[in-house]
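What follows is a single structure, written as structure tokens, with notes after it.
Each reported figure results from applying straightforward, stated rules to the coordinates on display, with no laboratory input. Here the structure is a predicted model, which means the values were calculated and not measured. Note that we place each Cβ from the backbone using ideal geometry, even for glycine, and neighbour counts take in every protein chain shown.
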Amino acid sequence: MAFKETVVDYLKKRGVQVSRVEQDGDNESIVCHVPQSDNIKVANLRDVMEKALNVAVLQSDSFGMNVVIVESNDLE
């Protein structure tokens, strides 16, 4: 399964609604747009998700968008 699908599937199976995903090519770095109401869910999943998927997770609400940035720890 591709990085994007793996991350989105992981979030959705844990009750996080992902409305849109931005990815440049096949990079293992994506931006998932989520509702503000799911921020607590993401915060609670963060540590486990980072270990399970070997990723770094950052939440941001800059520029009027509520997003979760997920990037593989294997990127150079």
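The packing ranking of peptides 17-26, 47-56, highest mean first, is 47-56, 17-26, where packing means the average number of other beta carbon atoms within 10 angstrom of each residue.
Report the charge-dipole magnitude of the chain in Debye, nearest 20, computed about the Cα centre from +1 at each Lys and Arg Cβ and -1 at each Asp and Glu Cβ.
Values: 8 positive and 13 negative charges, 101 e Å.
In total the dipole reaches around 480 debye.
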